[in-house]
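What follows is one structure encoded as structure tokens, with my remarks underneath.
The values are calculated or read from the model by the stated rules, or taken from the named source; none is laboratory data. Quick caveat: nothing in here was measured; it's all calculated off a predicted structure. As a convention, Cβ positions derive from the backbone with ideal geometry for all residues, glycine included, and neighbour counts pool all protein chains shown. Remember, those area values only see protein heavy atoms, side chains included, never the ligands or the DNA or RNA. Shrake-Rupley method; radii C 1.70, N 1.55, O 1.52, S 1.80 Å.
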Amino acid sequence: MSIPILNYPIQEKLVTVADVSWEEFKGIEAQLKDNRNVRLSYLSGILEIMSPIGEKHEYVKRTLSYLLEAYMRELGIRFYGIGGFTLEEPGYASGTPDESYCIGSNKETPDIVIEVIVTSGTINRKELYKPKKVPEVWFWKSDQIKIFRLNASGEYEEVNRSGFLPNLDPTIVAAIYRAS
């Protein structure tokens, strides 16, 4: 018996399911806890399931994190790379950023989370991090970086530069990525 080999790359697929209770979400999450090829996000009754995490997604994530870390090391900025771990507000939101950083000191809530968007979903990813008051959410999408900063009224607004890395021009980081 032979097993056919796929001659094409596997692409990320995204499924959205509405009207999922928090308890149902936690049950699904428990069933998939050992499957690293599936990423779950939950926001107010909406469940997104992404699988598999694609090669492009991982390449972008890794390259951006290398660039940011090299920049911070070069300038002597103390940072803690805490990667992608789940930030959760029980009963309401659960999301795992692709990368996250604490600047200056290690904290429970990261200062910066980074989301690499290859396959767009329906969940507003900024809303996932609002309950934890993550100060900045960075998005890479279509070879561009957009930065959103939490303002005094608790809403994210797009800004041109990071409040933590004000001398870093995101358009230059995106250009360096494209050149790599």
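Descriptive notes on the structure:
- Of the criteria (1) touching a Leu at 6+ places or on another chain (Cβ under 6 Å); (2) surrounded by fewer than 17 Cβ atoms within 10 Å (Cβ to Cβ), which one PRO135 fails: (2)
- Region 133-163, residues that are assigned to a loop (DSSP other than H, G, I, E, B), closer than 18 Å to PRO97 by Cα and modelled with pLDDT of 95 or more: LYS133, VAL134, PRO135, SER162
- Any hit, region 102-122, residues being without any contact (Cβ under 8 Å) to a residue 24 or more places away in the chain and under 15 Å from the mean Cα position of the chain (by Cα): yes
- Flag if GLU23 is assigned to a helix (DSSP H, G or I), modelled with pLDDT of 95 or more and open to solvent by 70 Å² or more (accessible area, probe 1.4 Å): yes
Yes or no, residue by residue, for (1) at pLDDT 95 or above; (2) open to solvent by less than 10 Å² (accessible area, probe 1.4 Å):
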{"position": "SER65", "(1), (2)": "no, yes"}
{"position": "GLU74", "(1), (2)": "yes, no"}
{"position": "PHE85", "(1), (2)": "no, no"}
{"position": "VAL118", "(1), (2)": "no, no"}
{"position": "ARG125", "(1), (2)": "no, no"}
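- Subset of region 139-155 [open to solvent by less than 40 Å² (accessible area, probe 1.4 Å) and out of contact with any Pro (no Cβ under 8 Å at 6 or more places or on another chain)]: PHE139, TRP140, PHE148, GLY154
- Candidate set: region 156-175, residues that are more than 16 Å from GLU74 (Cβ to Cβ) and of a type in the set (A, V, I, L, M); chosen: the one least open to solvent (accessible area, probe 1.4 Å): ALA174
- Every listed requirement among (1) closer than 25 Å to ALA179 by Cβ; (2) at pLDDT 90 or above; (3) within 21 Å of the chain's Cα centre (by Cα) is met by ILE53 save one, (2).
- Residue within region 97-105 that is farther than 26 Å from SER51 by Cα and in a strand (DSSP E or B) present: yes
- Qualifying positions in region 92-110 - open to solvent by 10 Å² or more (accessible area, probe 1.4 Å) and either among the polar types (S, T, N, Q) or out of contact with any Lys or Arg (no Cβ under 7 Å at 6 or more places or on another chain) (or both): TYR92, THR96, ILE103, SER105, ASN106, LYS107, GLU108, THR109
- Subset of region 106-130 (residues that are in contact with a helix residue (DSSP H, G or I) (Cβ under 6 Å, 6 or more places away or on another chain) and either among the polar types (S, T, N, Q) or part of a loop (DSSP other than H, G, I, E, B) (or both)): VAL118
- When region 31-56 is filtered for residues that are open to solvent by less than 60 Å² (accessible area, probe 1.4 Å) and without any contact (Cβ under 8 Å) to a residue 12 or more places away in the chain, only LEU32 remains.
- Against the list (1) without any contact (Cβ under 8 Å) to a residue 40 or more places away in the chain; (2) out of contact with any strand residue (DSSP E or B) (no Cβ under 6 Å at 6 or more places or on another chain); (3) over 18 Å from ALA174 (Cα atoms); (4) open to solvent by less than 50 Å² (accessible area, probe 1.4 Å), the condition GLU69 fails is (3).
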